[in-house]
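As structure tokens, the structure follows; a few thoughts come after it.
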Amino acid sequence: MTRTLPCLMVFALAAFQARAEDAAVGPCGGLRFVNGRVEMGRKLEPKGPATEACLKHVAEALAARPAIRAVTVAARLPDAERLDGQGLAVAKAAADILVSAGVSRTRVSAVAPPAVPGEPGQLQLAYVERPTQPRVARVRAASGEVSAGAAPDELRPRGVGDSLYTGELFHTSKDASAELELADASRVRVLSDSMLRLGAIELGANAKRVVRLELMRGSVETLAAPGGDGSVFEVRTRGAVAGVRGTQFRVSAQEDGGSRLETLEGKVALGAEKGEVEVAGGQGSRVLPGAAPEPPRPLLAAPLLNGPRGGSFTTAPKLEWFTVPGAKTYRVELGRTADFAAGVRTFESQAQEFAVPAGLAGKWFWRVLPVDADGFIGFPSKIFAFDLRP
Amino acid sequence: MSPSPETPARGPRLPRPSPPLLRGLAAVVGLALAGVTAVTGGAPGLFERALYDQAVSRLLPGVPRSADLVLVEVDDRALSALGERWPLSRVTWARAFRALAAQRPSAVAVDVVFDQPGSRDALELGEDMLAALRESGLADQPAGAALVTDLEARLHAQDGDARLAEALAENGVVILGAAALTEDVSLMPPLADGALGSPLPLPVGSLRLQAREVAGSIAPLRMAAQGSGMLNMLVDADGVIRRYPYAVGVGEHVWPSLALATALRLMPEQGESLQRRATLDHGAPLMRLPAPDWLPRVSLADVLHADPRSVGLDLALRGKTLFVGVTATGLHGQSTLPGQVAVPGVEIHAFALDNLRADRLMRSSGIVALTGLLETAVLLLVFGWRCRRARTLGAVARTALGLTGVHVALVGWLAADFGWVLPLIPACVGLGLMLLVDSAARTEELGRQRGALRRLFVRYPQSSPGTSVTPGDPR
């Protein structure tokens, strides 16, 4: 595989980096497991009913993450409050709450490191994951219900920052989407009602990498990082394999066993039992069950948006755009961030306009994608924003 | 007119360049070398590294013996006494940090990255046994309950990561190692933004060492420690470490080296000046080398096995800044300093700290590089002027020799007293080339004059007494 410049990645990186997190706030004000640290939406006070409720919530979250093998509770208290082992006593009391909520005592430890000068006392939590199982992906952004597990009946809720391992299934429910960051820095956007199995990801010298993903259901949009010579990046569906020769493409696994590929940039090989076609940027192809891949067809052009292009609204605005020849329907995406990584709502529209549903308060970015009669999704439009303040 | 068969055909002859022009070109060569050195980060340049190494290792005064820095080394004796192989178990590290905490050091800088959790196979087996005991109902019986209690205690003691985190928190002054990942593929798992705490408020773009990501110890240990510092070195193409990167740029953030993180911990009131010094020479200034045996050493075996009330250990460690690292044969990185001095990496962090706090840093870029360029230009200009004025080749050679002496003395003086490392070779090359050009021009001029004289003598020969030669006859 040759190195290619991921032009669209530039767009994605230049866009807003802020991530919206739709996860339930809960007693901790939000909970994330990032890089060995349990991050909460607010500072955890050393004692009190709120702290106790939060720790119980953490214990529940730990039970859903079997890869986490041990937790350390740190009580960072000002020096005056740490004297004579008081700091350690606070940490041990917090550890006891975790134990009483179901975490094994042998997996909880307590420490009392010095506080950061000038900061009030607080509790912090860190964890250790199973070392023998290297992480192959991380949930970078998520909206709606996303879950992961070794088998379909073992799916447990997951959130931003969670690690994913080889062989795990990643599932997005209806109206949910997520963006995964793979170990080779590639990004995979898992659209709603999709299930993806993470295969082995091998990283070698000279940027050589082997990435294999299996799309069981739904659609993924992939932004593959540049790989060195001999690299492999494959997305398998039931009937076909999309092997990356470029950087950005979408793959959909259809209910009838067919697969659809849309290459936005670079070149992707679509292989099936009865043949293989190379689908260049701006083209799409599909494999029907038992058939060879169809010849590539051009994707629909990006719609030209009419408005609104920005500004605040007290009532839900109407989004308008111009007709794209060949488009049967239009997919309207509203996202909380300009990279459409999180908080994405997707709607279908038959006309060249769409009335934003009531109840979507706040700032939203929007774009439109044309869809042809065979379901091929074309290039996305430019991104505009509106701020709804009822 | 066609040329005669005897005369070879010749094209138009180019005018011979004048000696001043050739001298000017020679000076430009020297000046260009100095310019290249300046724009490529300062001295030592391409052809002067070996000379710099000899000078800095033999002529410049070394860092004097440290009074408050101590190396606690995992040496051959420690491995033998512990009966362990490298890497040491987390339980042993926990014992070591507890033993060090008992001596109340002012800071402990650790040249180790605990980037992976310790093995938990035995712990998981024990946990499974505990669960089986509870499920079977044996734990409700007195003997079973005692067994459960004993097993829990043993599992607690064997949880190396947790015990190490406790020891680090108890110590309260430990700075752990971290690594800036500069290769495309690294063996260490990278950390997310912000995992190492707060970055330094320094400009990232100008730093000499840039990395993609950082890796560090596992989260419980980072949380329990006082901070983390980068262990990276800047190794030149010839495998020699001449510069120490006090600050590393990773994305939009700047992270401190182990030496800088320790210095900031020791002297928080001097934070601003320490950070200012750390950014000299693009964050990686040249280092002064230590004198032999400048750093007192204590084996980890002594720390672990000596009586905690030992007066000797107390004198060696109390209130000191301890650098902990491995020096056992074949285990420490072969870090080669100028003069082919191989030292363990942990020692480099120690004398980098000493360089930083004593402001013994040597600088060669920025204004120093500009000074070097100007000095080279002045030197060559003076020599060019002198070449025009001097009447003999001897006088020119003496001038070149004198100017070279002045140049070497100036470069040596600035390096020794001010830590300014100016380029040495470019001026010498310029002077040498100019001398060569001048001597060639003078020799040619001498030959030309000699030929003219000879022709003159042939035309007007002096008659010897008693001989008669007709003008024009061959002699």
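Considering every Cα-Cα pair within the range A:35-129, what fraction, in whole percent, is farther apart than 17 Å?
45 percent
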Residue-count net charge about B:PRO190 - beta-carbon cut-off 9 Å; Lys, Arg +1, Asp, Glu -1:
0
Using a 1.4 Å probe, what is the accessible area per residue for chain A, in Å²?
43 Å²
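Just for the range B:192-290, what percent of DSSP beta bridges are antiparallel, to the closest 5?
So the antiparallel bridges in the range B:192-290 amount to around 75 percent.
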Excluding ligands, DNA and RNA, the carbon-plus-sulfur percentage of the accessible area of the range B:97-214 with a 1.4 Å probe reads 55 percent
I want to verify a result. In a Gaussian network model of chain A, Cα cutoff 10 Å, which of these has the top mean-square fluctuation: A:ALA272, A:ALA95, A:ALA316?
A:ALA316
Among residues other than A:LEU369 whose Cβ falls under 9 Å from its Cβ, what is the net charge (Lys/Arg +1, Asp/Glu -1)?
+1
Going by the alpha-carbon gyration tensor, a ≥ b ≥ c the square roots of its eigenvalues, is the range A:285-383 rounded (a/c under 1.5) or, if a/c is not under 1.5, prolate (a/b greater than b/c) versus oblate?
prolate
Tell me the label-point distance for the pair B:GLU84, B:VAL28, using the 7 Å Cα-to-Cβ offset, in nm and rounded to one decimal.
6.6 nm
Using just the alpha carbons, could you tell me how many Å³ per residue the convex hull of the range A:107-159 encloses?
183 Å³
Each residue of A:117-124 has, on average, a number of other protein chain C-beta atoms within 10 Å of its C-beta equal to 1
Which percent of the accessible area of the range A:305-388 is formed by carbon and sulfur heavy atoms (probe 1.4 angstrom)?
53 percent
Restricting things to alpha carbons, find the Rg to Rh ratio for chain A using the Kirkwood radius for Rh.
1.03
Report the calculated FRET efficiency for A:ARG217 and A:THR315 (r = Cβ-Cβ distance, R0 = 35 Å), to the nearest 0.05.
0.40
Of B:265-271, B:325-331, ordering from highest average Cβ density within 10 Å down gives B:325-331, B:265-271
Give me the accessible area buried between chains B and A, both sides summed, with a 1.4 Å probe, in Å² rounded to the nearest 100.
2200 Å²
For the range A:65-160, calculate the relative contact order in percent as a whole number, restricting contacts to Cα pairs under 8 Å that are 6 or more residues apart.
34 percent
Check: the range A:35-129 dipole with +1 on Lys, Arg Cβ and -1 on Asp, Glu Cβ, in debye
260 debye
Relative contact order for chain B: what is it in percent, counting Cα pairs under 8 Å that are at least 6 residues apart?
26 percent
Per DSSP, loop trypsin sites (Lys or Arg not before Pro) in the range B:354-398 with at most 13 further Cβ within 10 Å:
B:ARG391
I need the calculated FRET efficiency for the pair A:ALA50 and A:ASP96, taking r as the beta carbon distance and R₀ as 25 Å, to the nearest 0.05.
0.90
The correct pair for the protein assembly as shown, radius of gyration to one decimal and Dmax as a whole number, both in Å and from Cα atoms, is 36.7, 145
Hey, got the average number of other protein chain Cβ atoms within 10 angstrom for residues in B:218-228?
6
Compute the accessible area per residue over chain B, keeping the other protein chains in place, probe 1.4 Å, unit Å².
51 Å²
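Report the antiparallel proportion of the DSSP beta bridges in the range B:87-240 as a percent, rounded to a multiple of 5.
So the antiparallel bridges amount to about 35 percent of the total.
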Estimated FRET transfer efficiency (B:HIS305, B:ASP76; beta-carbon r; R0 22 Å; 0.05):
0.90
Given charges at Cβ of Lys, Arg, Asp, Glu: chain B dipole, positive-most of B:GLY330, B:PRO20, B:LEU46
B:PRO20
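Under a Cβ-only charge scheme (Lys and Arg +1, Asp and Glu -1), can you give me the dipole magnitude of chain A about the Cα centre, in debye to the nearest 20? Present the calculation step by step, with values, prior to reporting the outcome.
On the way: 48 positive and 43 negative charges, 89 e Å.
For chain A, the charge dipole is close to 420 debye.
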I need to check one value: relative contact order of chain A, counting alpha carbon pairs closer than 8 Å and at least 6 residues apart, in percent.
12 percent
Percent carbon-and-sulfur accessible area, the range B:224-358, ignoring ligands, DNA and RNA, probe 1.4 Å
51 percent
Computed magnitude of the charge dipole of the protein assembly as shown (debye, nearest 20; Cβ of K, R +1, Cβ of D, E -1):
3940 debye
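Quantify how much of the Cα-Cα distance distribution of chain B extends past 42 Å, in percent.
Everything past 42 Å amounts to 40 percent.
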Within the range B:406-425, which residues have the backbone N less than 15 Å from the label spot 7 Å out from B:VAL36 along Cα→beta-carbon, could you tell me?
B:423-425
Quick check on the range B:314-458: what does the Kirkwood estimate of hydrodynamic radius come out to from the alpha carbon pairs, in Å?
19.9 Å
Please average, across the residues of B:162-172, the number of beta carbons from any other chain that are within 10 Å of each residue's own beta carbon, and give a whole number.
5
Counting DSSP beta bridges with both partners in the protein assembly as shown, what percentage is antiparallel, nearest 5?
75 percent
The answer for A:LYS382, listing residues at least 5 apart or on another chain whose modeled amide H is closer than 5 Å to its amide H, is A:LEU305
Using Cα atoms only, what is the angle between the long axis of helix B:160-171 and the major principal axis of chain B, expressed in degrees (0 to 90) to the nearest 10?
80 degrees
Which residue, B:TRP255, B:ALA219, B:VAL110, has the largest displacement toward the positive end of the dipole of chain B when charges sit on each Cβ (Lys, Arg +1; Asp, Glu -1)?
B:TRP255
Helix A:49-63: angle to the longest alpha-carbon principal axis of chain A, degrees 0 to 90, nearest 10?
50 degrees
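Could you work out the local net charge near A:ARG156, counting Lys and Arg as +1, Asp and Glu as -1, over the other residues with Cβ closer than 12 Å to its Cβ? Kindly include the intermediate steps, with their values, before the conclusion.
Details: positive: A:ARG65, A:ARG158; negative: A:GLU60, A:GLU145, A:ASP153, A:GLU154, A:ASP162, A:GLU168.
That sum, taken over residues with Cβ under 12 Å, equals -4.
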Note on the range A:135-298: C-alpha Rg/Rh, Kirkwood Rh, two decimals, gives 0.96
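Kirkwood Rh, the range B:22-128, all Cα pairs: how many Å?
Evaluated over the range B:22-128, this radius sits at 20.0 Å.
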Helix B:90-102 axis, angle to chain B major axis (alpha carbon atoms, nearest 10°)
90 degrees
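The values are calculated or read from the model by the stated rules, or taken from the named source; none is laboratory data. Please read all numbers here as calculations on a predicted model, not as lab measurements. In this analysis, Cβ positions are derived from the backbone assuming ideal geometry, glycine residues included, and neighbour counts consider all displayed protein chains. These accessible areas exclude ligands, DNA and RNA; they are computed on the full protein's heavy atoms, side chains included. Shrake-Rupley method; radii C 1.70, N 1.55, O 1.52, S 1.80 Å.
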